[in-house]
Amino acid sequence: MQYEPRLCALVDDLLGYFSINDRSKKCPKNFNLTNTDLKYYWFINRKTWTVIEGFKILEEELKVKGKLPTFIDVGCGIGWIVRLARNLGYNAYGIDIDKDLLDLGKKIFNLKYPILRLANALNYDYSKYDVIYLYHPIFNHSLERELEFRILEQAKKGSIIFAPANEIFDYDSQEDSLETISYQYYIYRKL
């Protein structure tokens, strides 16, 4: 699958929103993650390549026949990962506790409820998702650890946990319940 065009659709949404009156701004045809100076696209996280590489791994690992894989972004903010996952063919959803961020995401990406949901991650049910994505959704180490244990407890067998840049929970200590798919991108399968 070619990822740059799908990322470009996301960039076009963001450019259209952040340029306010100039809806003619578009992602350049030669845009890609290796030769584009991202300083002109300040709204794209500099670690976007990590997410893209992770999605490439997921494409190989997660083959759900007959239906789109379900995907949840825990602490989705404005929902750019949700939008990207939808562009890539996932049945993607996002939850966040910050209503203002969700409202902004709804304006930028036209992602309405139930795609973006106001929810407390510590009380959410993760048992129905094929992929659970989290990138530091809580800025409190003990609460984030509590969340990660909740996700591990609830994730269904075979689901994938994609947690780039996670440094709180030691997934390696969970080798009885998790199979490592990628150490580099922190991608694990629930056993």
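The values are calculated or read from the model by the stated rules, or taken from the named source; none is laboratory data. Because the structure is a prediction, the values reported are computed rather than measured. Positions of Cβ are backbone-derived with ideal geometry, glycine not excepted, and every protein chain shown enters the neighbour counts.
Here are the numbers:
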{"item": "Which numbered condition Asn87 misses (of (1) touching a Pro at 6+ places or on another chain (Cβ under 9 Å); (2) free of Cβ contacts under 8 Å to residues at least 40 places away in the same chain; (3) of a type in the set (S, T, N, Q))", "result": "(2)"}
{"item": "Every residue from region 158-185 that is within 14 Å of Tyr133 (Cα to Cα), at pLDDT below 85 and either surrounded by 18 or more Cβ atoms within 10 Å (Cβ to Cβ) or in contact with an Asp or Glu (Cβ under 6 Å, 6 or more places away or on another chain) (or both)", "result": "Pro164, Tyr185"}
{"item": "Residue in region 61-71 that is over 13 Å from the mean Cα position of the chain (by Cα), assigned to a helix (DSSP H, G or I) and among the acidic types (Asp, Glu) present", "result": "yes"}
{"item": "Residue match in region 91-108 (condition: of a type in the set (Gly, Ala, Ser) and within 12 Å of the chain's Cα centre (by Cα))", "result": "yes"}
{"item": "Meets criteria (closer than 22 Å to Thr180 by Cβ, surrounded by 15 or more Cβ atoms within 10 Å (Cβ to Cβ) and at pLDDT 80 or above) for Phe55", "result": "yes"}
{"item": "Contacts under 7 angstrom Cβ, first residue in region 129-157 being touching a residue at least 24 places away in the same chain (Cβ under 8 Å) and crowded, with 22+ Cβ neighbours inside 10 Å, partner part of a loop (DSSP other than H, G, I, E, B) and of a type in the set (Val, Ile, Thr), 6 or more apart", "result": "Leu147/Ile138"}
{"item": "Hits in region 109-143 (condition: under 15 Å from Ile97 (Cα atoms) and either among the hydroxyl-bearing types (Ser, Thr, Tyr) or in contact with a His (Cβ under 7 Å, 6 or more places away or on another chain) (or both))", "result": "Tyr113, Tyr124, Tyr135"}
{"item": "Positions within region 101-132 being at pLDDT 95 or above and small (Gly, Ala, Ser), in sequence order", "result": "Ala119, Ala121, Ser127"}
{"item": "Extreme residue, farthest from Thr180 (Cα to Cα), among residues of region 72-116 that are in a helix (DSSP H, G or I) and among the small types (Gly, Ala, Ser)", "result": "Gly105"}
